[in-house]
1. Any idea which of (1) over 17 Å from residue 94 (Cα atoms); (2) surrounded by 19 or more Cβ atoms within 10 Å (Cβ to Cβ) is the one residue 67 doesn't satisfy?
2. Going by the conditions given, is residue 97 modelled with pLDDT under 95, surrounded by fewer than 19 Cβ atoms within 10 Å (Cβ to Cβ) and out of contact with any Cys (no Cβ under 9 Å at 6 or more places or on another chain)?
3. Which of the residues spanning region 26-52 are surrounded by 15 or more Cβ atoms within 10 Å (Cβ to Cβ) and among the polar types (S, T, N, Q)?
4. Just the residues that are out of contact with any helix residue (DSSP H, G or I) (no Cβ under 9 Å at 6 or more places or on another chain), charged (D, E, K, R) and over 25 Å from residue 102 (Cβ atoms), please, taken from region 9-55.
5. Would you mention how many residues in region 137-167 are of a type in the set (Lys, Arg), in contact (Cβ under 8 Å) with a residue 40 or more places away in the chain and under 19 Å from residue 13 (Cβ atoms)?
6. Name the strands (runs of 3 or more DSSP E) wholly inside region 7-82 in which the number of residues that are at pLDDT 95 or above, closer than 26 Å to residue 136 by Cα and among the aliphatic types (A, V, I, L, M) is 1 or more.
7. So, in region 4-20, how many residues would count as being closer than 13 Å to residue 106 by Cβ and either free of Cβ contacts under 8 Å to residues at least 40 places away in the same chain or out of contact with any Ser or Thr (no Cβ under 9 Å at 6 or more places or on another chain) (or both)?
8. Among (1) surrounded by 17 or more Cβ atoms within 10 Å (Cβ to Cβ); (2) farther than 27 Å from residue 8 by Cβ, there is one condition residue 106 misses while meeting the rest; what is its number?
Amino acid sequence: MLINSTDTTVPITVFARTSAAPADAFRIIAPIDLSKVFIADRLFPGIAEVTGQTDSWDHPGVSRHPRFTDGSTVTESLTEYVEGHGFAYELTGFTNALAALAVGVRGEFSFLPDGTGTNVRWTYEFKPRPGRRLVIAGPFRPLWQRYMQAALNRMVAIAEDDRQSAG
């Protein structure tokens with residue numbers, strides 16, 4: 001386990017609403033094509049492709065290797081998966097600038113009922129390297145939160161498009 005109860009971490013959380021029901025939003029977002037939602041901006045690379053996925057992305061223990069548009073990579077491992085409700089994963093082995101800031105990240109998605117739709121909550125919990133917590137909690141945080149929100153907004157747009165084409 002990457003993060004335990006004694007670690008001092010830096011969590012960053014974003015939210016987005018969709019008119020899709022929680023089970024539908026989950027069904028679309030959990031296995032989403034990462035290259036369609038993580039788009040490069042002036043500060044952060046996007047995801048170009050995912051390689052080496054060991055099985056379908058629907059149970060703990062599966063891993064894969066996102067490759068970023070700058071050529072760097074990370075290992076992503078699914079640690080929790082509750083159909084229709086949420087999932088969690090760990091990112092380790094960054095080969096880009098994040099390697100200097102964090103040992104790894106625990107990501108978690110929750111799909112919460114919101115009337116007839118869903119409030120999607122996504123948290124990135126950084127485990128900082130020694131001496132790097134203030135950098136992540138300070139100047140890095142709002143930049144990363146903006147990047148996450150843009151990615152989550154794209155995920156929700158895909159869920160909305162799926163809902164409209166199915167209806």
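1. Tallying (1) over 17 Å from residue 94 (Cα atoms); (2) surrounded by 19 or more Cβ atoms within 10 Å (Cβ to Cβ), residue 67 fails exactly one: (1).
2. Numbers: modelled with pLDDT under 95: yes; surrounded by fewer than 19 Cβ atoms within 10 Å (Cβ to Cβ): yes; out of contact with any Cys (no Cβ under 9 Å at 6 or more places or on another chain): yes.
Considered against the rule, which asks whether it is modelled with pLDDT under 95, surrounded by fewer than 19 Cβ atoms within 10 Å (Cβ to Cβ) and out of contact with any Cys (no Cβ under 9 Å at 6 or more places or on another chain), residue 97 comes out as yes.
3. 35, the sole residue that qualifies.
4. Hit for region 9-55 is 55, nothing else.
5. Final tally of qualifying residues: 2.
6. Here the list reads 10-18, 47-51, 75-82.
7. Residues flagged as closer than 13 Å to residue 106 by Cβ and either free of Cβ contacts under 8 Å to residues at least 40 places away in the same chain or out of contact with any Ser or Thr (no Cβ under 9 Å at 6 or more places or on another chain) (or both) within region 4-20 amount to 5.
8. (2)
The values are calculated or read from the model by the stated rules, or taken from the named source; none is laboratory data. Here the structure is a predicted model, which is why all the values come from computation and not from measurement. Positions of Cβ are generated from backbone atoms using ideal geometry, with glycine treated the same way; all protein chains shown enter the neighbour counts.
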